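Structure first, commentary second.
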Amino acid sequence: MRSRGHLQGIPVSCSALQYDTLPIMRVADFHFDLPDERIARHPLAERRASRLLILDGASGALAHRQFADLLEYLRPGDLMVFNNTRVIPARLFGQKATGGKLEILVERVLDEHRVLAHIRSSKSPKPGSLIDIDGGAQAQMLARHDALFELRFEEPVLPLLERVGHMPLPPYIDRPDDAADRERYQTVYAQKAGAVAAPTAGLHFDDELLAALREKGVESAFVTLHVGAGTFQPVRVERIEDHHMHSEWLEVSQDVVDAVEACRARGGRVVAVGTTSVRSLESAARDGELKPFSGDTDIFIYPGRPFHVVDALVTNFHLPESTLLMLVSAFAGYPETMAAYAEAVAEGYRFFSYGDAMFITRNPAARGPEVSV
């Protein structure tokens, strides 16, 4: 298991932030109605074929464009920060020694042979029991840690998953994964294996578009955040201040810190590609100054939270009442975000992982919902 370590005397586990001076915000404030046909269950033929909704944070103005038009909204000297995590084929099917069927979703790879995983079955396996994996593999259940199970495989985990695993498509893509998902539910720049969900804003970029960004003078940097299955978990409390985020492992290197400092020095903007890049950068700048960071974060960004690093954001459309919608509302402003989502629904945009995208500039006067204590 990765060492948690310390950074300048501060534990590298970054806690969720609370804002006691803010009015109470309800999860229901972040609800919107989404027709089922707006959910994108398959990717488009080309990565850049998606639509792009532009939201100017300062004014709330909207514009309807194509994703390739993103180039027009970027400037020479800007820095785009991508998440280079790689999605592993984390879903396994098998059966217990008793014959009962089960499904395994790996949440985190602990070392070469051990994982933490969710298990769906009629009865939970007991410590010491063996699980036969479809495709020819076996796992032993070692221990249970709250909702997660520690499993050990005889053969190395990552090659095993590549051989017999299935791509862990989100719950709202209610179909089995197919061969095309191995490529399309993965960014073209994915490098570091460990995620069980894609950083979906990055799915729109192909090699040609990345080359066009470089040609325009837009710089790039890469963080790593291994997205966990908890990203799809509903918020089960009424007040968002009572929600505790799941932990995810991330790394922001010294190279990223240097790239951000150079961007600031030349007057460029830091453009995060995806909410995972936002969470990475803002976790590493939790005390107001961006520093190298490696470890777990459960940072929760909702309206009222200041942003220390990110100036603009490329992101997909998120689930109603989700923490990611709350993050976007903190960045762009609650009324501006909800108005943009209503416009996207009315204009037939495609939602969620395989859907369309937004380009948002930060609203310096962002505010939350008009609620009273």
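The values are calculated or read from the model by the stated rules, or taken from the named source; none is laboratory data. Bear in mind the structure is a predicted one, so any value in this text is a computation, not a measurement. We place every Cβ from the backbone using ideal geometry, glycine too, and count neighbours over all the protein chains shown. In case anyone asks, the SASA skips ligands and DNA or RNA and just uses the protein heavy atoms, side chains included. Shrake-Rupley method; radii C 1.70, N 1.55, O 1.52, S 1.80 Å.
Results for (1) part of a loop (DSSP other than H, G, I, E, B); (2) at positive phi; (3) open to solvent by 60 Å² or more (accessible area, probe 1.4 Å); (4) not hydroxyl-bearing (Ser, Thr, Tyr), shown as yes or no for each residue.
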position: Ala143; (1), (2), (3), (4): no, no, no, yes
position: Leu160; (1), (2), (3), (4): no, no, no, yes
position: Pro168; (1), (2), (3), (4): yes, no, no, yes
position: Ile173; (1), (2), (3), (4): yes, no, no, yes
position: Arg182; (1), (2), (3), (4): no, no, yes, yes
position: Ala190; (1), (2), (3), (4): yes, no, no, yes
position: Leu213; (1), (2), (3), (4): no, no, no, yes
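Please work out which residue is nearest to the chain's Cα centre (by Cα), limiting yourself to region 88-126 and to residues that are of a type in the set (Lys, Arg) and within 12 Å of Glu150 (Cα to Cα). Restricting to residues being of a type in the set (Lys, Arg) and within 12 Å of Glu150 (Cα to Cα), the top hit is Arg108.
Looking only at residues in region 195-209 that are buried (at least 21 other Cβ atoms within 10 Å of the Cβ) and not in a loop (DSSP other than H, G, I, E, B), the one that is nearest to the chain's Cα centre (by Cα) is Thr200. The set of residues from region 227-267 being out of contact with any Lys or Arg (no Cβ under 7 Å at 6 or more places or on another chain), surrounded by 16 or more Cβ atoms within 10 Å (Cβ to Cβ), within 16 Å of Phe82 (Cα to Cα) and not small (Gly, Ala, Ser) comprises Val227, Leu250, Glu251, Val252, Val256, Val260, Cys263.
Among the residues of region 107-120, none qualifies, meaning not one is of a type in the set (A, V, I, L, M) and open to solvent by 40 Å² or more (accessible area, probe 1.4 Å).
Cβ separations smaller than 8 Å between residues 6+ apart or across chains give no pair from region 41-61 residues that are not assigned by the TED database to the domain that holds Pro335 to residues that are aromatic (Phe, Trp, Tyr) and open to solvent by 10 Å² or more (accessible area, probe 1.4 Å).
Within region 324-341, none of the residues are surrounded by fewer than 21 Cβ atoms within 10 Å (Cβ to Cβ) and either at pLDDT below 95 or over 19 Å from Ile54 (Cα atoms) (or both).
Whether any residue in region 289-310 is open to solvent by 50 Å² or more (accessible area, probe 1.4 Å), among the charged types (D, E, K, R) and at pLDDT below 95 is what I want to check. No, because not a single residue in region 289-310 is open to solvent by 50 Å² or more (accessible area, probe 1.4 Å), among the charged types (D, E, K, R) and at pLDDT below 95. Residues in region 125-141 that are in a strand (DSSP E or B) and open to solvent by less than 40 Å² (accessible area, probe 1.4 Å): Ile131, Ile133, Ala137, Ala139, Met141. Glu154 falls short on exactly one of the conditions (1) at pLDDT 95 or above; (2) surrounded by fewer than 16 Cβ atoms within 10 Å (Cβ to Cβ), and that condition is (1).
Scanning region 52-80 for residues that are modelled with pLDDT of 95 or more, among the aliphatic types (A, V, I, L, M) and surrounded by fewer than 20 Cβ atoms within 10 Å (Cβ to Cβ) yields Ile54, Ala61, Leu62, Ala63, Ala68, Leu71.
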